[in-house]
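Notes follow once the structure below has been shown.
The values are calculated or read from the model by the stated rules, or taken from the named source; none is laboratory data. No experiment lies behind these values; they were computed from the predicted model shown. Cβ coordinates were reconstructed from backbone atoms using ideal geometry, including for glycine residues, and neighbour counts include every protein chain displayed.
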Amino acid sequence: MALSVRRPVRRRHLALGALSLAGALTLAACGSSGSGSGSEDGGSAAAKTHTVKTAMGDVEVPVDPKRVVVLDTGELDSALTLGVQPVGATHSASEDGFPSYLPADRTEGIKEVGEIANPDLETVASLKPDLILTSKVRDGDRYEQLKAIAPTVMTESTGTAWKENFQLHAEALGKRAEAKKAVADYEAHIAKVTEAVGGKEKAAATEVNFVRFVEGADIRIYGKQNYIGSVLADLGMGRPAIADKAKDGFSYDVSPERIDLADADVVFTSTYGDPAKAGTTKTMNSGLWKGLKASKDGKVFKVDDRLWIAGIGYTAASQILDEFQAKMTG
């Protein structure tokens, strides 16, 4: 999870944004339609617009956007799930490039436009986007500058609201039919995996924890109000009592000396940053960790942080479900 680091916006950013805004207003005045019906002389689809309700109010977006920029991993997953290849996207602060779980042929050619929560606005503008997808929690303080470049659709937040966010992304991209199929495929996949791990009753009786080691921060025992928590809930898996003590439902943070609180029947782990600096290696070699029930039973599974935590979308969920089934039944 990238931390937001604000940079002063240089004057040329503002000048460029103003020029882009002027261009956008000119385009809007040249025949766009809030109903998406087009002009009487049969204007192109690119000139048609429709209204999308966002965290920042109603936004007029192209009916068929062609040059989309996404500013977080959830938005990138949504676009690719819906068959749209963005022209630009941000990357994690800890790594260059895009998450490896995404098909390489689908991310090839996407321009990197800076870090999540710290995009390079000049690079974004240079791509001449006709739609920008992001969230208020990541880029709310840059909204005026972003909307001067292109219509900007913001969700309120990320993580636990990923399904609602996906529907908004689909509406903005004009991909409602594709979204309906993605949701149906996910629900069928959930049912298949739940059955594979023993059915609903056994799933509910099996307590699963997720522990994330984070460089520069305490260890996070994940609660229920986050992306992976929602996937586990859909599977009907049991969760230990500590999950209900998570701050704001997100995570219960502990030092290595309190890692015994993470005990469960099954523990999945991931690391953000360097494993040595995040304390992964030291903690997992400790007596407390080795004393966990999951450790004794061989039910501790290391997984990819960029998929299980940062993926946040239906493409990520499909791969998580396959891996979950393989590890739980292997």
Task: Residues that are within 13 Å of Lys175 (Cα to Cα), not in a loop (DSSP other than H, G, I, E, B) and not aliphatic (A, V, I, L, M), drawn from region 63-104 - done: Ser78, Thr81
Open item on the list: Of the conditions (1) assigned by TED's automatic domain parsing to the domain that holds Asp139; (2) in a loop (DSSP other than H, G, I, E, B); (3) at pLDDT 95 or above, Gly198 satisfies every one except a single condition; which number is it?
Closed with: (1)
Open item on the list: Yes or no: region 312-327 includes at least one residue that is touching a residue at least 24 places away in the same chain (Cβ under 8 Å), in a loop (DSSP other than H, G, I, E, B) and of a type outside the set (Asp, Glu).
Closed with: yes
TODO: Evaluate the following for Ala170: is it surrounded by 16 or more Cβ atoms within 10 Å (Cβ to Cβ), touching a Lys or Arg at 6+ places or on another chain (Cβ under 9 Å) and aliphatic (A, V, I, L, M)?
DONE: yes
Task: Residues located in region 220-261, provided they are over 19 Å from Asp304 (Cα atoms), of a type in the set (Gly, Ala, Ser) and touching a residue at least 24 places away in the same chain (Cβ under 8 Å) - done: Gly236, Gly238, Ala243, Ala246, Gly249, Ser255
Task: Residues satisfying the stated conditions in region 128-139, i.e. surrounded by fewer than 18 Cβ atoms within 10 Å (Cβ to Cβ) and closer than 26 Å to Arg306 by Cα - done: Lys136, Val137
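Between Ser270, Ser255, which is among the polar types (S, T, N, Q) and closer than 12 Å to Tyr222 by Cβ? If you could, list the steps in order and put the result at the bottom.
Values: Ser255 fails: closer than 12 Å to Tyr222 by Cβ.
After applying the criteria, what remains is Ser270.
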TODO: Could you tell me which residue of region 216-231 is farthest from the chain's Cα centre (by Cα), considering only residues that are surrounded by 23 or more Cβ atoms within 10 Å (Cβ to Cβ) and hydrophobic (A, V, I, L, M, F, W, C)?
DONE: Ile219
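Which one of Ala203, Ala217 is in contact (Cβ under 8 Å) with a residue 12 or more places away in the chain and not in a helix (DSSP H, G or I)?
Values: Ala203 fails: not in a helix (DSSP H, G or I).
Testing whether each residue is in contact (Cβ under 8 Å) with a residue 12 or more places away in the chain and not in a helix (DSSP H, G or I) leaves just Ala217.
Considering only residues of region 263-306 that are in a strand (DSSP E or B) and of a type in the set (Phe, Trp, Tyr), which is nearest to Thr158 (Cα to Cα)?
Kept after step one, since they are in a strand (DSSP E or B), are these residues of region 263-306: 266-272, 300-302.
Still in the running and of a type in the set (Phe, Trp, Tyr): 268, 272, 301.
Working: Phe268: 21, Tyr272: 18, Phe301: 25 Å.
Per the stated criteria, the residue is Tyr272.
State which residue is nearest to the chain's Cα centre (by Cα) when the search covers only region 111-125 and only residues that are outside any strand (DSSP E or B), at negative phi and buried (at least 21 other Cβ atoms within 10 Å of the Cβ).
Within region 111-125, the first condition is being outside any strand (DSSP E or B), and the residues that meet it are 116-117, 120-125.
When the remaining residues are screened for being at negative phi, the result is 116, 120-125.
In the following step, the residues that additionally are buried (at least 21 other Cβ atoms within 10 Å of the Cβ) were identified as 116, 121, 124-125.
Numbers: Ile116: 11, Leu121: 20, Val124: 19, Ala125: 23 Å.
Restricting to residues being outside any strand (DSSP E or B), at negative phi and buried (at least 21 other Cβ atoms within 10 Å of the Cβ), the top hit is Ile116.
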Task: Test for Ala179: is it assigned to a helix (DSSP H, G or I), over 19 Å from the mean Cα position of the chain (by Cα) and at pLDDT 95 or above - done: no
Open item on the list: Could you check region 75-100 and list, in sequence order, the residues that are at pLDDT 95 or above, of a type outside the set (Val, Ile, Thr) and at negative phi?
Closed with: Glu75, Leu76, Asp77, Ser78, Ala79, Leu80, Leu82, Gln85, Pro86, Gly88, Ala89
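Give the residue, chosen from Asp234, Asp185, Asp260, Asp244, that is surrounded by 16 or more Cβ atoms within 10 Å (Cβ to Cβ), charged (D, E, K, R) and in a helix (DSSP H, G or I).
Details: Asp185 fails: surrounded by 16 or more Cβ atoms within 10 Å (Cβ to Cβ); Asp260 fails: surrounded by 16 or more Cβ atoms within 10 Å (Cβ to Cβ); Asp244 fails: surrounded by 16 or more Cβ atoms within 10 Å (Cβ to Cβ).
So the residue among Asp234, Asp185, Asp260, Asp244 that is surrounded by 16 or more Cβ atoms within 10 Å (Cβ to Cβ), charged (D, E, K, R) and in a helix (DSSP H, G or I) is Asp234.
For (1) under 21 Å from Tyr227 (Cβ atoms); (2) within 18 Å of the chain's Cα centre (by Cα), each residue gets a yes or a no:
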{"position": "Leu127", "(1), (2)": "no, no"}
{"position": "Ile132", "(1), (2)": "no, yes"}
{"position": "Leu146", "(1), (2)": "no, no"}
{"position": "Thr158", "(1), (2)": "yes, yes"}
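Could you list, in sequence order, all residues of region 300-319 that are of a type in the set (A, V, I, L, M) and crowded, with 24+ Cβ neighbours inside 10 Å?
Passing the criteria: Ile309, Ala310, Ile312, Ala316, Ala317.
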Task: Residue pairs meeting the criteria (Cβ under 7 Å; at least 6 apart or on separate chains; first more than 22 Å from Leu76 (Cβ to Cβ), in region 173-197; second assigned to a helix (DSSP H, G or I) and among the basic types (Lys, Arg)) - done: Thr194/Lys200
Open item on the list: Here are the criteria: (1) among the hydrophobic types (A, V, I, L, M, F, W, C); (2) loosely packed, with under 14 Cβ neighbours inside 10 Å; (3) touching a residue at least 12 places away in the same chain (Cβ under 8 Å). Tell me which single one Ala276 does not satisfy.
Closed with: (3)
